[in-house]
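Trainee: Please read through the structure below; I'll follow up with questions.
The values are calculated or read from the model by the stated rules, or taken from the named source; none is laboratory data. Computed from a prediction, not measured in an experiment: that's the story for all the values here. All Cβ positions, glycine included, derive from the backbone under ideal geometry; neighbour counts span all protein chains shown. Ligands, DNA and RNA are excluded from the accessible area calculation, which covers all protein heavy atoms including side chains. Shrake-Rupley method; radii C 1.70, N 1.55, O 1.52, S 1.80 Å.
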Amino acid sequence: MLGLDCLEIEFVKGVYLNEAQAKAIAGIAKNNSVRISVHAPYYLNFNAHEPAKLHASQGILLKAARIAALCSAKNVVFHPGFYLGDSPEKAGAMVLETLAVVSQKLQEESIDITLRPESSGKPSQFGDLDELFALSLSLTNVAPCIDFAHLHARSGKNNSYDEFRGLLNSLRKNLGEDALSNMHIHVSGIEYSKSGERKHLPLRSSDFKYEDLLRALKDYNISGSVICESPNREEDALLLKESYQKI
């Protein structure tokens with residue numbers, strides 16, 4: 001056993017677990033005191049211009065959330081979509097409208113899942129912090145997944161202790177103190193250009209200052225889950241855990 005405390009199930013190309021498999025995972029997670037979360041398939045777009053694609057995105061996220069609940073997961077991370085030439089305001093209105101259908105359906109089915117739109121790594125993608133805050137304030141079972149590497153790649157900034165403190169202050173100011181005690185975080189090294197994210201990298205092969213981030217998380221007494229999305233997933237997850245414990 002690696003000794004990790006949380007794991008994220010990656011539904012990259014589709015929701016591949018059935019109900020029996022999901023329930024088995026829940027049992028294993030409970031027996032090993034591991035917190036489970038789920039990442040929905042990457043091809044969702046809640047700002048798609050075609051109604052069929054919007055409907056498909058809603059159905060896929062619902063399916064991921066239903067299976068996630070059977071796995072004992074409490075959080076489902078997803079990429080909200082792309083601007084596709086729309087203004088941020090127009091895209092935000094569409095994402096909210098289409099996501100609200102999923103949010104309401106989960107409540108009707110009494111599924112205790114928090115939908116976690118992820119901060120995006122490219123300016124062409126919907127998902128800066130203000131947009132995630134707006135969704136979270138509008139829908140009761142929605143809260144952000146803060147991918148700090150994405151925020152760094154998107155802006156070329158957000159990569160120092162003071163900047164990480166600023167991001168956490170913004171989260172607290174917009175969503176309240178409770179948001180800091182129930183965070184869902186993604187961390188990795190990242191390669192980027194002026195257009196934003198290019199690919200994830202091992203932590204030590206990138207310029208991402210993960211130790212500064214860990215210090216900020218400790219100083220703000222953050223609680224929740226930190227998921228490593230490095231290509232060297234297990235090695236870097238242990239690096240993060242061991243580095244945090246040393247701090």
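Trainee: Within the range 41-61, is even one residue small (G, A, S) and touching a strand residue (DSSP E or B) at 6+ places or on another chain (Cβ under 9 Å)?
Mentor: Looking for residues that are small (G, A, S) and touching a strand residue (DSSP E or B) at 6+ places or on another chain (Cβ under 9 Å), one finds at least one in the range 41-61, hence yes.
Trainee: Here's a follow-up. Step by step: first the residues of the range 171-209, then only those that are assigned to a loop (DSSP other than H, G, I, E, B) and in contact with a strand residue (DSSP E or B) (Cβ under 9 Å, 6 or more places away or on another chain), then the one that is farthest from D130 (Cα to Cα). Which residue is that?
Mentor: Going through the qualifying residues, I end up with P202.
Trainee: Filter the range 47-81 for residues that are open to solvent by 10 Å² or more (accessible area, probe 1.4 Å), part of a loop (DSSP other than H, G, I, E, B) and not charged (D, E, K, R) and give the result.
Mentor: Answer for the range 47-81, where residues must be open to solvent by 10 Å² or more (accessible area, probe 1.4 Å), part of a loop (DSSP other than H, G, I, E, B) and not charged (D, E, K, R): H49, S72, H79.
Trainee: A further question follows. Being aliphatic (A, V, I, L, M), in a helix (DSSP H, G or I) and buried (at least 17 other Cβ atoms within 10 Å of the Cβ) is true for just one of L168, L115, L137. Which residue is that?
Mentor: So the residue among L168, L115, L137 that is aliphatic (A, V, I, L, M), in a helix (DSSP H, G or I) and buried (at least 17 other Cβ atoms within 10 Å of the Cβ) is L168.
Trainee: Would you confirm whether or not the range 210-217 contains a residue that is over 18 Å from L129 (Cα atoms), open to solvent by 10 Å² or more (accessible area, probe 1.4 Å) and not in a helix (DSSP H, G or I)?
Mentor: No: zero hits.
Trainee: I'm told A153 meets every condition in (1) among the small types (G, A, S); (2) modelled with pLDDT of 95 or more; (3) at positive phi except one. Can you identify the failing condition by its number?
Mentor: (3)
Trainee: Spot the failing condition for M94; the list is (1) assigned to a helix (DSSP H, G or I); (2) in contact with an Asp or Glu (Cβ under 9 Å, 6 or more places away or on another chain); (3) closer than 30 Å to G27 by Cβ, and only one is missed.
Mentor: (3)
Trainee: Would you check if D130 is loosely packed, with under 15 Cβ neighbours inside 10 Å and of a type outside the set (K, R)?
Mentor: yes
Trainee: A further question on this structure: I want to confirm something. Restricting to the range 30-46 and keeping residues that are on the phi < 0 side of the Ramachandran plot and over 20 Å from the mean Cα position of the chain (by Cα), which single residue is surrounded by the fewest Cβ atoms within 10 Å (Cβ to Cβ)?
Mentor: Among those residues, the one meeting the criterion is N31.
Trainee: Shifting gears a bit: Could you go through the range 9-24 and let me know if any residue there is of a type outside the set (D, E, K, R), at pLDDT 95 or above, closer than 20 Å to P144 by Cα and open to solvent by less than 80 Å² (accessible area, probe 1.4 Å).
Mentor: yes
Trainee: Sticking with this structure for a sec: Given (1) open to solvent by less than 80 Å² (accessible area, probe 1.4 Å); (2) over 16 Å from E118 (Cβ atoms), where does H184 come up short, assuming only one miss?
Mentor: All conditions pass for H184, except number (2).
Trainee: Can you list residue pairs whose Cβ atoms sit under 6 Å apart, with the first residue in the range 82-107 being in contact (Cβ under 8 Å) with a residue 12 or more places away in the chain and open to solvent by 60 Å² or more (accessible area, probe 1.4 Å) and the second being in a helix (DSSP H, G or I) and polar (S, T, N, Q)? Count only pairs 6 or more apart in sequence or on different chains.
Mentor: What qualifies is V101/Q58.
Trainee: Just to verify a result, which residue in the range 149-165, among those that are in a loop (DSSP other than H, G, I, E, B) and either in contact with a strand residue (DSSP E or B) (Cβ under 6 Å, 6 or more places away or on another chain) or in contact (Cβ under 8 Å) with a residue 24 or more places away in the chain (or both), is nearest to E197 (Cα to Cα)?
Mentor: The qualifying residue nearest to E197 (Cα to Cα) is G156.
Trainee: Can you spot a residue in the range 53-73 that is in contact with a Gly (Cβ under 8 Å, 6 or more places away or on another chain) and not hydrophobic (A, V, I, L, M, F, W, C)?
Mentor: Yes, that holds for at least one residue.
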